[in-house]
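Enquirer: I have a structure here, written as structure tokens, and I will follow up with some questions on it.
The values are calculated or read from the model by the stated rules, or taken from the named source; none is laboratory data. Predicted model only: the values in this text are computed from it and were never measured. Here the Cβ positions follow ideal geometry from the backbone for every residue, glycine too, while neighbour counts run over all protein chains shown.
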There are 2 protein chains.
Amino acid sequence: MEEIKTNFEDITSRLKNNNIRLSHQRLKVLEFLHRNRIHPTVEQIYHGLIDEIPTLSKTTIYNTLNALTEAGLVKILNIEENEARYDIETDEHGHFKCKVCGNIYDFKVNMDSLEIKGLDGFKILTKDMYFSGICAKCVE
Amino acid sequence: MEEIKTNFEDITSRLKNNNIRLSHQRLKVLEFLHRNRIHPTVEQIYHGLIDEIPTLSKTTIYNTLNALTEAGLVKILNIEENEARYDIETDEHGHFKCKVCGNIYDFKVNMDSLEIKGLDGFKILTKDMYFSGICAKCVE
DNA sequence: AATAAAGTTGTAATGATTACAAGTTATAAA
DNA sequence: TTTATAACTTGTAATCATTACAACTTTATT
Ligand SMILES: [Mn+2]
Ligand SMILES: [Mn+2]
Ligand SMILES: [Zn+2]
Ligand SMILES: [Zn+2]
């Protein structure tokens with residue numbers, strides 16, 4: 001809640017630039033993403049909010065997430081084969097999926113440190129890094 | 001064709017280890033992947049082979065690709081949101097998707113050069129790197 | 001040749017996402 | 001404050017990649 005208030009002007013101004021209104025449903029989706037740093041699926045967001053907003057539709061969640069993504073407030077993760085996940089943290093970082101517990105972890109990465117060859121003349125706009133394996137808890 | 005013959009013993013032995021027979025259809029799928037280094041979709045493989053094998057079924061292509069993936073001969077790319085792509089090159093390398101022409105390019109990457117923080121105690125098994133932007137041809 | 005295991009194929013089912021249309025809400029002008 | 005308009009929400013239907021399944025065919029082994 002604090003964080004949302006802190007960045008509130010930032011969020012609203014960015015939304016206004018894209019002609020996007022901060023509706024009740026959208027605010028709740030944003031809040032959910034802020035409070036649940038688990039890179040949730042649409043299904044998880046839906047079940048997390050349906051008690052608070054009994055009329056909520058999954059279509060609204062999809063619309064919201066697409067709008068927020070276009071506004072640059074949310075990032076879509078395609079780390080799963082069949083289902084998208086959503087990240088409120090838009091700063092550059094990597095993702096690790098544990099094959100055992102299924103959790104998706106963030107990790108810090110210095111992209112500039114990466115030695116690559118074969119992209120001379122290419123204009124790189126996005127960099128996504130998906131690791132998988134076994135997390136520290138599940139390794140034990 | 002040369003490459004397939006060159007690695008033939010390697011392929012067959014790896015398949016035998018997994019109790020996978022190298023059927024006519026599977027050989028053709030492998031050949032297609034060797035000759036068309038475009039990280040094709042199932043749809044592209046299907047259309048590329050249907051004239052040669054008029055009875056070919058998409059289910060067979062899915063089965064084949066899943067079997068080859070389990071045997072370690074093929075890698076699945078989840079660089080697209082909605083459709084999987086398949087790569088005959090299993091050595092570690094990165095992928096770049098051009099937003100203009102849609103082509104997917106390989107690039108060399110030294111994963112060991114990457115500075116990461118936050119995965120202490122994690123057992124990393126796979127590393128995927130997906131870039132997007134505009135390729136050199138489309139930049140002009 | 002007989003048997004069993006593996007492979008192929010067509011069809012149906014699954015499931016995430018999008019399309020669409022009707023009704024609702026918020027914004028801004030009058 | 002009313003009014004007009006654009007944006008938003010919602011339920012339902014459509015789309016489309018992938019998988020499940022069952023019948024049939026091929027291959028390997030005895
Ligand atoms: Mn993240
Ligand atoms: Mn590749
Ligand atoms: Zn784990
Ligand atoms: Zn291009």
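Table: residues versus (1) away from DNA strand C (no atom under 12 Å from the Cβ); (2) in the same structural domain as B:G133 (by TED's automatic domain parsing); (3) more than 11 Å from the chain's Cα centre (by Cα).
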| position | (1), (2), (3) |
| --- | --- |
| B:E52 | no, no, yes |
| B:I61 | no, no, yes |
| B:T69 | yes, no, no |
| B:I76 | yes, no, no |
| B:K99 | yes, yes, yes |
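Enquirer: Which of (1) over 30 Å from B:K28 (Cβ atoms); (2) under 14 Å from the mean Cα position of the chain (by Cα) does B:L65 not meet, given it meets every other one?
Expert: Here B:L65 meets the rest and fails (1).
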